[in-house]
Amino acid sequence: MSLSAVLLAAGSPSPSPSESPTVSVPSLQDAQESATNAASWVEQNWSTWLAIGLRVLLILVIAAVLRTVVLRAITKLIDRMTRTVESVDGTALSGLLVNAERRRQRSQAIGSVLRSVASFLILGTAALMILATFEINLAPLLASAGVAGVAIGFGARNLVTDFLSGVFMILEDQYGVGDQIDAGVASGEVIEVGLRVTKLRGDNGEIWYVRNGEIKRIGNLSQGWATAGVDVTVKASEDLDRVKATLDEVAEKVSAEEPWNELLWGPIQVLGLDSVLLDSMVVRVSGKTMPGKALTVERELRWRIKRAFDAADIRIVGGATAPADEETPDPTALVAAPSVFSNADSPQVAAASPIAAPRPAPQPK
């Protein structure tokens, strides 16, 4: 640094702390110009804003009205199904054809699924239309949603499988509350049907929670009709005409008496000989009953057939029961003849006896 520069710097006055930089105050002309620019910008874009706002408002109104109409239609449909169940309930066919709780639960499940699907579709479509109105590129959003959906689907595939299986089971009415089913992994009476889990009560009172996705096949024992079949085993020497006449009499009485005539869907029939063996033959008796009542009818048939056969002196045989006409064998016939060794005085016993040691003679005192 040169000497002249140092002197110049020393001679120049330094700014005092009290002095502050000057602040430029906008003039009235600058404010008027800014307001004019803002007004012109608003004037140029207000129509666009108004159009976007009206479009969004129209989309929201249409979505709300459409959702309300669809949900009301679904509610009316479910109410009509429920009224149909209530009208049938209480009649003579209510216990045979309709299970009110089953139909009511099925209609509620169907209504819940339909409402959820309708709301998701309508509101989702409205949201995408609103985003498109603001000129937002939906391609990255849709791609991200697709990737996220695939990831969630792989992570919760069991939950999705259970849910879809439950939906189709309810829609197809494969089973319902009160049905006796065999689901493979468990069997029992259905006490609750859900979209993810079916609840069963077993024969011993236990409750099974079965995932709908785990059910591969279902055997519904409460739909259609059941078959009550009784096999009667009699001796091969019995008179077939007398046996058939006795069974026909029992079948006719059961078919005509209450309450068994209400449980039967047709007359009980004697089908004939089911098998013929060397010492016995099997006669088959069968009849169609209400679902789940086959075991009750079979027990009543066995009871009456046994009493009728006892009255007609017809003997029911089977298993390890010994035939009545065989004589009881003499117990002594199976015992071997007595041996000569059983006589203590026989020569054989004397020859086989050990030689006794001689006793010493007593000494005189």
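Observations, loosely collected:
- Dipole-positive endmost among 210, 261, 243 within the range 196-265 (Cβ charges, Cα centre): 210
- Close amide H pairs (under 5 Å, H built 1.01 Å from N) link residue 182 with 219, 220, 221, residues at least 5 positions away or on another chain.
- Listed values for the range 165-175 are Karplus-derived 3J(HN,Hα) couplings in whole Hz (6.51 cos²θ - 1.76 cosθ + 1.60, θ = phi - 60°), namely 5, x, 5, 5, 5, 6, 5, 7, 6, 5, 7, and x replaces Gly and Pro.
- In range of the label at residue 239: residues from the range 289-313 whose backbone nitrogen is under 20 Å from the point 7 Å along Cα→Cβ: 305-313
- Length released on extending from residue 261 to residue 209, taking residue separation times 0.36 nm less the Cα-Cα span: 15.1 nm
- Extension gain for the segment residue 79 to residue 41, taken as residue separation times 0.36 nm less the Cα-Cα distance, is 8.0 nm to one decimal.
- Spacing of the two label points (7 Å from each Cα toward its C-beta) at residue 65 and residue 117, in nm: 2.6
- Note on residue 137 and residue 218: with the Förster distance fixed at 45 Å, the Cβ-Cβ geometry gives a FRET efficiency of about 0.40.
Any read-out appearing in this document is the output of simple, stated calculations on the displayed coordinates, not a laboratory observation. Note that the coordinates shown come from a computational prediction; the quantities given were computed from them, not determined experimentally. Counting neighbours? That spans all protein chains shown, and the Cβs are built from the backbone with ideal geometry, glycine included.
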